[in-house]
Amino acid sequence: MDHPTRRDAANLLLVSPAVAFGSQANSAVTFGIIGTGGRGRYVGTHMANDKRARLTAICDLFPDRIDLAKTQVPGADKARAFKEYKELLAQQDIDAVLIATPVFLHPEHFEAAVNARKHIYCEKPAGADVAGVKRLMRAVARADKSKTMQFGFQQRFSPEYLTAERMVKEGKIGQLTLMTSYWVLGNRPPQQFKSPYDPKDQKLRHWGLWKDYSGGPIVEQDCHGVDTLNWFGKAHPVKATGTGGLRYKVPYGDWSSDHHNITYYYPGNLEGWLISIKHTGGFRDVKEQFFGSEGMIETARTYYRYHGPIPTSPLKNADDLADRSLIEKVDSKREITIDAVEAFFTSIVQKKPIDMSTAAAESTLTALLGRMAHETRREVSWEELLRSA
Ligand SMILES: NC(=O)c1ccc[n+]([C@@H]2O[C@H](COP(=O)([O-])OP(=O)(O)OC[C@H]3O[C@@H](n4cnc5c(N)ncnc54)[C@H](O)[C@@H]3O)[C@@H](O)[C@H]2O)c1
């Protein structure tokens with residue numbers, strides 16, 4: 001089968017690391033990590049494993065997180081360690097930064113990284129509220145455009161997602177009329193809250209449970225699926241409606257919802273549905289589906305699959321038959337964050353900067369639109385959202 005997105009990926013790899021930088025270690029792309037929590041250490045490890053990169057600095061407010069990085073991330077034990085992110089950004093010998101701090105800090109940290117003229121890989125989402133996203137976009141407007149500004153929406157770098165998106169664009173499923181994002185994922189509802197941390201640090205340590213720090217569940221978690229809807233739908237929605245609520249009382253933090261049913265209305269009569277359910281007793285179903293007049297394409301982090309009508313019986317789908325070969329399914333070759341990290345360093349090495357800031361900002365705003373629609377229990381337009389801050 002033709003894999004057009006392989007060509008996309010290949011374009012990013014036209015220059016091998018050796019050709020671009022020679023073999024001297026000092027020609028590597030130097031990078032620092034701001035926020036060595038779970039994601040910072042995970043993405044930071046993939047970055048450190050890229051032969052074109054060298055980790056030279058790490059930063060976290062808390063010494064225990066610095067210590068974890070030093071033992072887990074290759075090269076971090078020899079890297080300079082900072083408590084203040086501004087000190088890390090002031091290091092002239094750092095080319096690039098990974099920002100993996102709590103969501104509400106992304107605009108501030110992104111803005112400072114733009115001012116310091118670093119290549120940026122900022123974790124998703126772009127901010128926890130509309131004001132934060134606007135602040136980030138103001139920084140983008142005056143950024144040095146020779147620098148990469150990438151965000152942790154890693155789906156956009158997965159060869160399998162890219163193939164699926166191209167299939168939709170090229171009409172493989174006919175006219176796209178409906179998209180769904182399922183973000184069904186969660187442990188048992190927490191019964192009690194017990195923190196190992198000093199009470200004065202607890203909100204920051206458990207930032208994900210507070211809406212002003214995380215944006216809430218739609219913004220912090222479901223934004224990946226929402227980003228995929230915007231990408232495949234080639235637009236942001238013009239308005240949204242939604243319902244949602246709290247199935248289980250939260251013992252800590254201020255989540256006011258743990259399940260959501262949002263309808264996004266895109267230009268051209270295209271709808272995008274977000275079905276998001278937390279606290280599922282461990283059950284996981286995270287995927288997107290794209291329905292057209294001639295078939296359906298499903299995407300997930302580990303595969304994409306295509307169902308088309310069978311030629312001899314157009315009203316039957318391959319699922320009606322025992323012959324599973326009629327369903328085209330392609331598994332991801334690796335964890336898709338590695339695809340995103342590879343694209344990041346390739347863009348720097350090849351001096352072909354990636355700027356996905358508008359897409360990241362729009363996807364974050366789309367998540368905020370869904371939040372506003374279900375919280376107000378009425379239709380909310382894109383313009384109203386933008387006017388709200
Ligand atoms: N792309 C993905 O698939 C994915 C997956 C998980 C998390 N994330 C995102 O990554 C980010 C981090 O999430 P996490 O799960 O690693 O959280 P985390 O709490 O484990 O890590 C955040 C770290 O930032 C540090 N920090 C807080 N304020 C700081 C400051 N002012 N300066 C320096 N460090 C500071 C914290 O001490 C902590 O170690 C979030 O935006 C989250 O949404 C993305």
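Before moving on, here are some points about what is shown:
- Hits in the range 103-112 - residues which are more than 8 Å from the ligand (Cβ to nearest atom) and either in contact (Cβ under 8 Å) with a residue 40 or more places away in the chain or among the polar types (S, T, N, Q) (or both): PHE104
- Between TYR252, TYR248, TYR265, the distinction of being touching a helix residue (DSSP H, G or I) at 6+ places or on another chain (Cβ under 8 Å) and aromatic (Phe, Trp, Tyr) belongs to TYR252 only.
- Here MET179, MET149 are screened, and the one residue that is in the same structural domain as TYR252 (by TED's automatic domain parsing) and either within 16 Å of the ligand (Cβ to nearest atom) or open to solvent by less than 20 Å² (accessible area, probe 1.4 Å) (or both) is MET179.
- Out of ALA139, ALA164, ALA131, one residue alone is outside the structural domain of VAL43 (by TED's automatic domain parsing), more than 16 Å from the ligand (Cβ to nearest atom) and in a helix (DSSP H, G or I). It is ALA164.
- At least 2 residues being within 15 Å of the ligand (Cβ to nearest atom) and closer than 14 Å to GLY152 by Cβ is the threshold, and among the helices (runs of 4 or more DSSP H) wholly inside the range 24-102 those reaching it are 38-48.
- Filtered residues of the range 347-362 (kept if touching a Lys or Arg at 6+ places or on another chain (Cβ under 8 Å) and either open to solvent by less than 10 Å² (accessible area, probe 1.4 Å) or more than 29 Å from ARG39 (Cα to Cα) (or both)): ALA360
- Scanning the range 245-278 for residues that are in contact with a strand residue (DSSP E or B) (Cβ under 8 Å, 6 or more places away or on another chain), surrounded by 16 or more Cβ atoms within 10 Å (Cβ to Cβ) and farther than 30 Å from GLN175 by Cβ gives SER257, ASP258, HIS259, LYS278.
- Residues in the range 206-227 that are assigned to a loop (DSSP other than H, G, I, E, B), crowded, with 21+ Cβ neighbours inside 10 Å and within 11 Å of the ligand (Cβ to nearest atom): GLY215 alone.
The values are calculated or read from the model by the stated rules, or taken from the named source; none is laboratory data. Everything quoted here is computed from the prediction, not taken from an experiment. In this analysis, Cβ positions are derived from the backbone assuming ideal geometry, glycine residues included, and neighbour counts consider all displayed protein chains. Note: accessible area is taken over every heavy atom of the protein model, side chains too, but ligands, DNA and RNA are not part of it. Shrake-Rupley method; radii C 1.70, N 1.55, O 1.52, S 1.80 Å.
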